[in-house]
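Asks: Quick one: the structure is below, questions incoming.
The values are calculated or read from the model by the stated rules, or taken from the named source; none is laboratory data. All figures in this text were calculated on a predicted structure; none of them were measured in a lab. Note that each Cβ is placed from the backbone with ideal geometry, even for glycine, and that neighbours are counted across all protein chains shown.
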Amino acid sequence: MHYYDLKQDLALVDKKDNIVGRIDKWEAHKKGLLHRAFTIALIYKDQIVLQHRRHPVFDGYYDLTCSSHPVYIGDILQTFEQGFYTTLKREWNLDEGNIQKMEDKGSVYYQAKDPNSIYGEHEICHLLVGEISLFPSPNYEFAYGFSLVSKKSLLDKKNPLRGSFAPWVPLLLDLL
């Protein structure tokens with residue numbers, strides 16, 4: 001079974017990121033219900049690893065290194081750290097030992113409808129930044145490709161990639 005077909009529950013939250021319930025992942029994305037998420041930015045030799053998303057929501061857009069959600073395992077919601085390492089293993093074949101340091105840079109609130117699917121995002125999205133010395137090996141089930149971009153280039157409003165960013169990326173750039 002493909003990862004996107006797995007039954008997973010996410011944390012429903014209010015605008016202050018307080019948990020107010022739980023919901024099936026795809027129901028949350030169809031109905032536009034506010035839920036908790038995270039985006040990871042990995043830094044490799046002063047370059048940020050970008051992912052060209054292969055995903056049912058905002059497919060083909062550029063993301064930071066990857067994005068996902070803490071999910072419930074039974075009745076327990078994953079911590080950001082658990083979700084961070086699970087996602088990096090799944091999408092980039094990286095283990096905990098490959099990350100030199102990880103830092104939570106804060107969060108943003110946003111809502112966006114995917115113009116090419118029945119889904120949308122409505123999230124409190126936390127930015128987690130990690131440094132790596134070993135270049136990751138992308139899992140092409142989750143990415144069409146990747147790019148390495150300097151922080152300066154990423155922040156440049158004239159960068160041609162900016163028109164292809166997933167809607168949460170420009171908001172998170174302010175936290176980098």
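Asks: Just to verify a result, which residue in segment 79-108, among those that are under 15 Å from R36 (Cα atoms) and hydrophobic (A, V, I, L, M, F, W, C), is surrounded by the most Cβ atoms within 10 Å (Cβ to Cβ)?
Replies: Of everything passing the filter in segment 79-108, F84 is surrounded by the most Cβ atoms within 10 Å (Cβ to Cβ).
Asks: With the condition being surrounded by fewer than 16 Cβ atoms within 10 Å (Cβ to Cβ), I'd like the strands (runs of 3 or more DSSP E) fully within segment 18-78 carrying at least 3 qualifying residues.
Replies: Once the strands (runs of 3 or more DSSP E) in segment 18-78 are filtered for at least 3 residues that are surrounded by fewer than 16 Cβ atoms within 10 Å (Cβ to Cβ), what remains is 19-24.
Asks: How many of the residues making up segment 102-121 are more than 15 Å from T65 (Cα to Cα) and more than 13 Å from the chain's Cα centre (by Cα)?
Replies: 13
Asks: Here is a further query. Look at L176 and say whether it is modelled with pLDDT under 95, within 13 Å of L64 (Cα to Cα), part of a loop (DSSP other than H, G, I, E, B) and not acidic (D, E).
Replies: yes
Asks: Shifting gears a bit: Would you mention how many residues in segment 127-140 are within 14 Å of the chain's Cα centre (by Cα) and more than 17 Å from Q51 (Cβ to Cβ)?
Replies: Residues in segment 127-140 being within 14 Å of the chain's Cα centre (by Cα) and more than 17 Å from Q51 (Cβ to Cβ): 0 in total.
Asks: Give me the pairs: first residue in segment 103-132 and on the phi > 0 side of the Ramachandran plot, second residue surrounded by 14 or more Cβ atoms within 10 Å (Cβ to Cβ) and part of a strand (DSSP E or B), beta-carbon distance under 8 Å, and six or more apart or on different chains, which are they?
Replies: Filtered contacts from segment 103-132: G106/H126; G106/L127.
Asks: Among the residues of segment 94-115 satisfying the criterion of being modelled with pLDDT under 95 and among the polar types (S, T, N, Q), which is nearest to E27 (Cα to Cα)?
Replies: Filtering first and then ranking leaves N98.
Asks: Looking only at segment 109-121, filter to residues that are touching a strand residue (DSSP E or B) at 6+ places or on another chain (Cβ under 6 Å) and crowded, with 18+ Cβ neighbours inside 10 Å; which one of those is nearest to I40 (Cα to Cα)?
Replies: Among those residues, the one meeting the criterion is E121.
Asks: Residues K158, K152: which one is in a helix (DSSP H, G or I) and either exposed (fewer than 13 other Cβ atoms within 10 Å of the Cβ) or within 16 Å of the chain's Cα centre (by Cα) (or both)?
Replies: That would be K152, the only listed residue that is in a helix (DSSP H, G or I) and either exposed (fewer than 13 other Cβ atoms within 10 Å of the Cβ) or within 16 Å of the chain's Cα centre (by Cα) (or both).
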